[in-house]
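These notes are about the structure you will find just below.
The values are calculated or read from the model by the stated rules, or taken from the named source; none is laboratory data. Please read all numbers here as calculations on a predicted model, not as lab measurements. Here the Cβ positions follow ideal geometry from the backbone for every residue, glycine too, while neighbour counts run over all protein chains shown. All accessible areas refer to the heavy atoms of the entire protein, side chains included, with ligands and DNA or RNA removed. Shrake-Rupley method; radii C 1.70, N 1.55, O 1.52, S 1.80 Å.
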Amino acid sequence: MAGSWSSYLFGRLSERHSRSRLMYWAIIMALIGSMMTLSSNIFILIIGLILFASGFLAGHSIASGWIGVISHPRSKAYASSLYLLFYYTGSSLLGWSGGVFLSHSGWSGVIFMICGLLIVTGLFVIVISRSLRSFITE
């Protein structure tokens with residue numbers, strides 16, 4: 001429910017705000033939420049799960065919508081299908097590797113992996129935003 005709400009909200013916000021800025025907020029939400037799941041307090045844990053799901057699905061919504069905006073009109077379908085291919089392939093491989101982290105390091109290992117991936121995602125957003133700005137100004 002929280003993910004559906006955040007996807008809708010961030011989709012609406014993308015009409016008025018920078019997609020890269022919204023991605024940063026989604027990443028921050030997911031980072032904070034994932035760290036909150038390390039708590040032994042059930043209320044903090046539940047809030048963390050809600051915050052993580054909201055941030056993750058908001059980021060997915062922004063990213064998938066961004067594909068249509070930056071793609072050439074003749075290749076929008078190809079770009080969208082490639083996005084989904086990499087999204088599902090990545091989630092399968094990372095889901096499997098999350099199990100490896102869980103078996104070797106416990107829940108804190110999984111959270112370490114997730115936080116690392118979110119930070120890498122933030123770095124990708126920086127690179128993509130800069131390259132799009134230079135592409136548009138040329």
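Every residue, every condition in (1) under 19 Å from residue 14 (Cβ atoms); (2) open to solvent by less than 50 Å² (accessible area, probe 1.4 Å); (3) under 12 Å from the mean Cα position of the chain (by Cα); (4) modelled with pLDDT under 95, yes or no:
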{"site": "54", "(1), (2), (3), (4)": "yes, yes, yes, no"}
{"site": "83", "(1), (2), (3), (4)": "yes, yes, no, yes"}
{"site": "87", "(1), (2), (3), (4)": "yes, no, yes, yes"}
{"site": "113", "(1), (2), (3), (4)": "no, yes, no, no"}
Handout entry: Complete set of residues in region 56-79 that are open to solvent by less than 40 Å² (accessible area, probe 1.4 Å) and either closer than 24 Å to residue 106 by Cα or of a type in the set (Val, Ile, Thr) (or both)
Key = 62, 67
Exercise for the section: Mind counting the residues in region 19-52 that are in contact (Cβ under 8 Å) with a residue 40 or more places away in the chain, within 25 Å of residue 132 (Cα to Cα) and either open to solvent by 50 Å² or more (accessible area, probe 1.4 Å) or among the β-branched types (Val, Ile, Thr) (or both)? Expected result: 3
Practice task
Within region 118-127, identify whether any single residue is open to solvent by less than 100 Å² (accessible area, probe 1.4 Å), at pLDDT 95 or above, out of contact with any helix residue (DSSP H, G or I) (no Cβ under 7 Å at 6 or more places or on another chain) and over 23 Å from residue 60 (Cβ atoms), and answer yes or no.
Solution key: no
